[in-house]
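J.: Structure provided below as structure tokens; questions to follow.
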Amino acid sequence: MTDHQWVRRLQNAWSAVRRFARHRWAVRVRIAAAVGLVSIGGVVIGTMLFGHAGLNVGPFRAEMSITPSIQGGTEVDIPPLGSLHLDSHDGPIHLKVNLGSLDQNRTEALIDDPAAISSAGENAVDDVRSGVIRLGVRSLGIAVLSAMILSALIFRNIRRVAGAMVTATVVTLGSLGLAVGTLRPDSIAEPRYEGLLVNAPAVVGDARRIADNYGRYADQLQQIVSNVSRLYTTVSALPVYEPAGNTTRILHVSDLHLNPSSWGLIRTVVQTFDIDAVVDTGDMVDWGSSAETGYVSSIPSVGVPYIYVRGNHDSTAIQAAVARQKDAIVLDDKVVEVDGLTIAGIGDPEFTPDKSETPAAVAEDANDPLKVAGSQLADTIEEYGKPVDIALVHDPAMAQPLSGVVPLVLAGHLHKREVSLLPAPTPEPAASASGESVAPTPSVTTVAQAPVQTRLMVEGSTGGAGLRGLQKEEPTPLSLSVLYFDENHQLKAYDDIQLGGTGQSNVEMQRNVVGAKGEATQSPSPSAPAGAEPSR
């Protein structure tokens, strides 16, 4: 075949293609394809920009959104811990849920109306279901409207706009139907973690147990609202100690461990009890990573001075992030005066985020870092030149060198409430002229200069031990205490507040008057930094 014949055949083929392209059915196919592509583009753009809805569940706020995706599934963002990924469904729709924090105004409104508190817990499941349905309807409307607008801008033809509307409706309803049809409720038992939650299995057990406990936690979360309401009721019935007008009120918190609910609880107690300052004895976060620094941004919302010492889970980066917050005061071998009280504190010398909260036996080594840090703070207090009212440490093992130096030491770390009196320091015997030790001779001067008796108050976990609270069969309660000081800076009374942890709804408040018959303490045992006060 000659070149001329090849050219001739190509020209004939091209002429056939052009005749087919001008055929009315080919034109309709091209238009239909263009309308379909424009419709799908409008659906994607509209869904990505406007496919989201807010959800109120009692006092809590969640933001839900859907985006186009090949694999489907659900992502639950739990700031600042990370995210939880569930293979919940197939299809071209991906559901994302961002868990927010407590809304203060709605919380107070629910507290004022006991009937609303009960209905909030009973209607939680219905609220979530209606929120998902509302999101689906909203996304359908947004997708259709976006497709119509984009089609009108491109084609400027009413029939093609109508075709785009039908196409967008079919595509969106088909995607939602596929997601519903392939729904797998049991996917919560096999989650995938990203971010800081990657460490969760090593902290709280295997993934299936986490899922079971997390579901239990979600079922009981609404009980916090009822707990706060009961807290108000209990406060009004405390007749033992009526603080005077010149009383200074200090709120002691510790071991928040990234629990976002802790901030709402702290703000509620600060406002209810008219707190003058908050002291935090450390372990604000879990791992001390830079990703956790955003958690401390809630400190200014407390509204009063926030005095903090570093815990063994808090890195120096976390300490620096706290120092940058408004109203925050970081004590690391320093002394500060707040509302007439003189407070000293030092950070935990060890950074051991994998360390258990269970105390080991007290080391006898004088070079133990905890004892060295306690002695360092004691020297700073003695050099200050004025009496110090409170010393702050994280680990109770740091408290013994402060015995006789300050009347009150506040600590945390153990995740349980303990109150004890530290043993008085043993006076060193004086040396005689011959070099032999001579016991000190009692005298009026000796008695007058005897060191003060030091009370050690170890706070529980205000964050319920964070993720660790999901591991135990008996959940860790949320604990915090209000301390009352008179005009002479002496501790006169304290209220122990305890909210039931995961799976529990009980609230306990115990008012203790210092020196009263019912305020029992005991000396610390040899194997632990402090002996526990008998349970009430």
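The values are calculated or read from the model by the stated rules, or taken from the named source; none is laboratory data. What you see is a predicted model; the values in this text were computed from it and never measured. A quick note on method: Cβ atoms are made from the backbone with ideal geometry, for glycine too, and the neighbour counts reach across all protein chains shown. All accessible areas refer to the heavy atoms of the entire protein, side chains included, with ligands and DNA or RNA removed. Shrake-Rupley method; radii C 1.70, N 1.55, O 1.52, S 1.80 Å.
J.: What is the residue count in segment 303-324 for residues that are open to solvent by less than 10 Å² (accessible area, probe 1.4 Å) and not small (G, A, S)?
T.: 9
J.: Could you please find all residues in segment 411-426 being of a type in the set (G, A, S) and open to solvent by 60 Å² or more (accessible area, probe 1.4 Å)?
T.: Within segment 411-426, just A424 meets the criteria.
J.: Just checking, does segment 361-381 include any residue being within 30 Å of Q510 (Cα to Cα) and modelled with pLDDT under 60?
T.: Checking segment 361-381: at least one residue is within 30 Å of Q510 (Cα to Cα) and modelled with pLDDT under 60.
J.: Of the residues that sit in segment 269-302 and are charged (D, E, K, R) and free of Cβ contacts under 8 Å to residues at least 40 places away in the same chain, which one is most open to solvent (accessible area, probe 1.4 Å)?
T.: D274
J.: If you take the residues in segment 452-497 that are outside any loop (DSSP other than H, G, I, E, B) and at pLDDT below 85, which one is nearest to the chain's Cα centre (by Cα)?
T.: G466
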